[in-house]
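Peer 1: Sharing a structure below in structure tokens format, with a few things to ask.
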């Protein structure tokens with residue numbers, strides 16, 4: 001099972017080192033994500049922002065037993081995030097996007113084979129729902145389809161978002177606010193400015209699994 005294998009291999013790194021797999025994934029960023037409306041924080045965020053965009057996204061989260069991996073399919077690509085450190089309440093993640101099994105880190109190479117995402121590049125047609133239905137149960141994957149309406153913000157070098165998420169299976173609606181970036185000191189200051197320091201930091205894949 002993928003979940004079992006990951007539990008044996010993946011533990012958040014409390015130090016600054018990143019192992020070879022994480023380094024290959026790249027794009028290390030600190031993230032702090034809270035849940036609920038947080039109307040004051042939303043208003044303050046909008047005032048602080050240099051730039052704002054809006055988007056609608058369809059994601060399929062692939063939940064495993066190991067919460068240090070965040071896996072989802074977006075635009076027919078497997079997007080992986082791995083938790084490598086926790087500091088001052090922030091989580092540090094590395095990430096990568098994959099089509100083929102020879103590109104994805106183990107044990108998600110097996111999942112890439114099962115999903116046959118490379119078909120998109122070779123044949124141009126793909127049915128994700130059918131691929132999910134055909135997954136081997138022994139992989140231990142639980143799929144959760146969601147729709148997101150997201151407002152993205154830029155605050156200097158930092159990024160932020162306010163996202164409304166609807167879980168398709170249950171029609172449950174959730175709202176999340178997140179800040180992320182490379183400079184931990186600037187992120188800590190922004191968290192304080194938004195009044196969010198006492199709020200728990202919970203990534204999306206854990207929140208929708210509850």
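Peer 1: Normalised by the number of residues in segment 68-210, what is the relative contact order in percent for Cα pairs under 8 Å and 6+ residues apart? Present the calculation step by step, with values, prior to reporting the outcome.
Peer 2: On the way: 175 pairs, mean separation 17.7, N = 143.
Here the relative contact order equals 12 percent.
Peer 1: If you don't mind, there's one more thing I want to ask. Provide the FRET efficiency to the nearest 0.05 for the residue 46-residue 133 pair, computing r from the beta carbons and using R0 = 35 Å. Before the final figure, lay out each step's value.
Peer 2: Values: r = 41 Å, r/R0 = 1.16.
Working from the Cβ atoms, E equals 0.30.
Peer 1: Could you tell me what fraction of 2.2 N^0.38 Å the Cα radius of gyration of segment 96-144 comes to, as a two-decimal ratio? Write out the running numbers ahead of the final one.
Peer 2: Working: Rg = 10.7 Å, N = 49, 2.2 N^0.38 = 9.7 Å.
That works out to 1.11 for segment 96-144.
Peer 1: Mind checking the full-extension length gain between residue 74 and residue 171? Use 0.36 nm per residue of separation minus the Cα-Cα distance, one decimal, nm.
Peer 2: Numbers: separation 97, 0.36 × 97 = 34.92 nm, distance 1.94 nm.
Difference between extended and current length: 33.0 nm.
Peer 1: Can you check what the Kirkwood hydrodynamic radius comes to for segment 2-209, Cα pairs only, in Å to one decimal? If you can, show how the numbers build up before the last one.
Peer 2: Numbers: mean 1/r = 0.0556 Å⁻¹.
One decimal place: 18.0 Å for the Kirkwood radius.
Peer 1: Order 157-169, 82-94 from most to least packed using the mean count of other Cβ atoms within 10 Å.
Peer 2: Details: 157-169: 16.7, 82-94: 19.6.
Top to bottom by mean Cβ count within 10 Å: 82-94, 157-169.
Peer 1: From zero up to wherever the largest Cα-Cα distance of segment 58-111 sits, split into 5 Å bins and tell me the percent of pairs in each.
Peer 2: Once binned at 5 Å, the Cα pair distances of segment 58-111 give 5, 19, 28, 25, 13, 7, 3, 0.
Peer 1: Using only DSSP helix segments of four residues or longer, with each worth -39500 (n - 2.57), what per-residue ellipticity at 222 nm results for the chain after dividing by its residue count and rounding to 500? Could the numbers behind the result be given before it?
Peer 2: Numbers: 8 runs with 60 residues, N = 210.
That calculation yields -7500 deg cm²/dmol at 222 nm.
Peer 1: Continuing with this model, one more query. With the crude spin-label approximation of a point 7 Å out along Cα→Cβ, what separation in nm comes out for residue 122 versus residue 152?
Peer 2: Computed distance between label sites residue 122 and residue 152 equals 3.1 nm.
Only the coordinates and a few stated rules stand behind these numbers; no lab work does. The model shown is predicted, which means the values in this text are computed figures rather than measured ones. Cβ coordinates were reconstructed from backbone atoms using ideal geometry, including for glycine residues, and neighbour counts include every protein chain displayed.
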